[in-house]
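The values are calculated or read from the model by the stated rules, or taken from the named source; none is laboratory data. Source: prediction; values computed, not measured. Here Cβ is always computed from backbone atoms with ideal geometry, including for glycine, and neighbour counts include all displayed protein chains. In case anyone asks, the SASA skips ligands and DNA or RNA and just uses the protein heavy atoms, side chains included. Shrake-Rupley method; radii C 1.70, N 1.55, O 1.52, S 1.80 Å.
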Amino acid sequence: MPIDSATIKAVTAALYERSLKAIPADTRAVLARAGERETDPTARRTFRLMLDSADTAAREGQLVCSDIGLPTYSVKVGTRVRFNGPVRQAIQDGFAELAATMNPPILKMVTHPLTHERSHAGKDVPIVSFDLIDDVDYVDIVCAPKAMGTGRWEAMEAFVYPTVEDVERYVLDVVLRAGSQPCLPIVVGVGIGGTFDHAARLAKEAVLRPHGEPQPDALLAGMEQRLLDAINQMGFGAMGTGGDCSAMAVNVAYSASHGFVPVAVCFNCWINRRTAARIHGDGRVETLYG
Amino acid sequence: MSRLHELTLPVVPSQIRELRVGDMVSLTGAVTVSIGIATHQRMAEAVRGGIPLPVDLRGGAFLHLSTYVREVGDVREPLYLNPTTSTRYSAWMPDIVRGLGPRFVGGKGGLDEASATALRACGCVYLSFLGGGSPLLSRALRAVRSSHWNEYISQFRLLTLDVQALGPATVAIDVHGGNAYDSLRARAQARMPGILEGLRGARGAG
């Protein structure tokens, strides 16, 4: 049975709305634990406010953050799936309908990069990336709206035969540069290797990884733990006014590279907007996370 | 230990001097908000040109809070608000602070050194609001007192709101030289050699 455009439209719009009105359950648990361990009184109070804000938004159908960001979707299509209508257009239509009808209404955040004119729509928006999954009959869709609070601090650099130390030092430099500016504690995604475009994509996929999902690569697992400990020693704390927890997680991914090794570092803020669903070939829709 | 200061606007300088970095503040009264860069440019140009603004910020608050106002006919209803990153307005904040006399500015992430200097010189503090705190902060909304420069989109207008106990917000730059952002950055930079040494040791142990 083919997947129809109406399902794509409804699912992607629902993913976006859900990402705005709640925080992921795993993220809430991490924040709650961080708040319990926090020794700075201001940061401890900030963690309580964060949980209250997130819970109130979920309970009352409010926006956690008024900056609804730029809508982005990652779509992974099983090669056994058939569609009976447009996919990219369905995602655009879903976003357009949501922007016109959502309660509460949303601010215009889609911005022309040169004229700075704002709208609910714009060229190539929503930003959608596509990939394939061999031999399955489902489509996985991740929605991760992206705003300036963290987006402006993300960075990438090409190294030549870097050591692990070079890469770790670079990640810390990027976090230090951001300092108190993003809404801390952040999740840090690191993409190492591949090509310029691929490293950025690796970093983005890494930042979206659910908390607690095991890192099977021992080299990367060591980097993740060391970097998380190091960032939390910096002391920026919740909302950047000082404290023990500046990052909730550091997630690292790599691809084979060349002598040159691009390293990309991206962030999600404490509300960690990400939702995901799987549309099966028989039309069933399954929530993956968020 | 930090304290919660429940303040009604406008305030006098002695009330501002009582505030220290880390203290909590809630604001009641009229606060003016905008997140428009063009709005800030226009405010700073008005100050430099001696042109009066349509709102009086003296003793009050000018905040980087993004606000949605629903308009039905002539009725304006504020639905929600939330802070945005203040540093992108740093170029215009010294003129705004020196020329318009607010006692509070705020948003999230702080301001640059020139702005912090202007804050100290003028007896104005910077408040850090909770990013992602829209459901809590929006409880304070009561009414739109005035809306100017309405040719801009909602969040870019020069909007004055009646609020009841807006906050809590954290004092992050005070008038006594306290600046949470500067001190945290300096502390983090000072810690970096030790952090990097610890990483080397952990890699060796791993």
Of residues in the range A:132-160 being within 20 Å of the chain's Cα centre (by Cα) and in a loop (DSSP other than H, G, I, E, B), the one nearest to A:GLY193 (Cα to Cα): A:GLU154
If a residue must be away from every other protein chain (no Cβ under 14 Å) and open to solvent by 60 Å² or more (accessible area, probe 1.4 Å), how many such residues does the range B:14-39 contain? 2
For the range A:133-145, indicate whether the set of residues that are under 30 Å from B:ALA190 (Cβ atoms) and within 14 Å of chain B (Cβ to nearest Cβ) is non-empty. no
Exactly one of these conditions fails for B:VAL163: (1) more than 24 Å from B:ALA116 (Cα to Cα); (2) more than 10 Å from chain A (Cβ to nearest Cβ); (3) exposed (fewer than 13 other Cβ atoms within 10 Å of the Cβ). Give me its number. (3)
Assess whether A:SER19 counts as being within 20 Å of A:GLU205 (Cα to Cα), open to solvent by less than 30 Å² (accessible area, probe 1.4 Å) and touching a Pro at 6+ places or on another chain (Cβ under 7 Å). yes
Looking only at the range A:109-123, decide whether some residue is open to solvent by less than 50 Å² (accessible area, probe 1.4 Å), within 11 Å of another protein chain (Cβ to nearest Cβ) and part of a strand (DSSP E or B). yes
Filter the range A:225-234 for residues that are in contact with a Lys or Arg (Cβ under 9 Å, 6 or more places away or on another chain) and surrounded by fewer than 18 Cβ atoms within 10 Å (Cβ to Cβ) and give the result. A:GLN233
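Let's see how each residue does on (1) open to solvent by less than 40 Å² (accessible area, probe 1.4 Å); (2) at negative phi; (3) facing chain A (nearest Cβ under 10 Å):
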residue	(1), (2), (3)
B:SER154	yes, yes, yes
B:LEU158	yes, yes, no
B:ASN179	yes, yes, no
B:GLN189	no, yes, yes
In this structure, does A:ALA199 turn out to be open to solvent by less than 30 Å² (accessible area, probe 1.4 Å) and touching a Pro at 6+ places or on another chain (Cβ under 8 Å)? yes
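Could you list, in sequence order, the residues of the range A:205-216 that are free of Cβ contacts under 8 Å to residues at least 12 places away in the same chain and closer than 23 Å to A:SER129 by Cβ? Spell out the reasoning first.
First pass over the range A:205-216, keeping only residues free of Cβ contacts under 8 Å to residues at least 12 places away in the same chain: A:213-214, A:216.
A:GLU213, the sole residue that qualifies.
Restricting to the range B:192-204, name every residue that is open to solvent by 90 Å² or more (accessible area, probe 1.4 Å) and either of a type in the set (A, V, I, L, M) or at the interface with chain A (Cβ under 8 Å from one of its Cβ atoms) (or both). Break it down into steps so the answer makes sense when it comes.
Applying the first criterion (open to solvent by 90 Å² or more (accessible area, probe 1.4 Å)) to the range B:192-204 yields B:197, B:200.
Hit for the range B:192-204 is B:ARG200, nothing else.
One line per residue, one yes/no per condition, for (1) open to solvent by 40 Å² or more (accessible area, probe 1.4 Å); (2) within 14 Å of chain B (Cβ to nearest Cβ):
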position	(1), (2)
A:ASP4	yes, no
A:LEU15	no, no
A:ILE23	no, yes
A:ARG59	yes, yes
A:LEU70	yes, no
Out of the range B:120-141, which residues are more than 24 Å from A:LEU184 (Cα to Cα) and open to solvent by 10 Å² or more (accessible area, probe 1.4 Å)? B:ARG120, B:ALA121, B:CYS122, B:GLY123, B:LEU141
Condition first: farther than 11 Å from A:ALA238 by Cα, open to solvent by less than 50 Å² (accessible area, probe 1.4 Å) and away from chain B (no Cβ under 13 Å). Now tell me which residues in the range A:25-41 satisfy that. A:ASP26, A:ALA29, A:VAL30, A:ALA32
Would you check if there is a residue in the range A:194-205 being part of a helix (DSSP H, G or I) and within 14 Å of chain B (Cβ to nearest Cβ)? no
Output the strands (runs of 3 or more DSSP E) that fall wholly within the range B:40-89 and possess 1 or more residues being among the charged types (D, E, K, R), open to solvent by 10 Å² or more (accessible area, probe 1.4 Å) and within 13 Å of chain A (Cβ to nearest Cβ), or say none. B:65-72, B:75-83
For the range A:96-114, how many residues are polar (S, T, N, Q) and closer than 18 Å to A:ALA147 by Cα? 1
Which numbered condition in (1) surrounded by fewer than 24 Cβ atoms within 10 Å (Cβ to Cβ); (2) more than 9 Å from chain B (Cβ to nearest Cβ); (3) in contact with a helix residue (DSSP H, G or I) (Cβ under 9 Å, 6 or more places away or on another chain) is the only one that A:GLY222 fails? (2)
Can you tell me which condition B:ARG185 does not meet? The list is (1) closer than 29 Å to A:TRP270 by Cα; (2) more than 7 Å from every other protein chain (Cβ to nearest Cβ); (3) open to solvent by 20 Å² or more (accessible area, probe 1.4 Å), and all the others hold. (2)
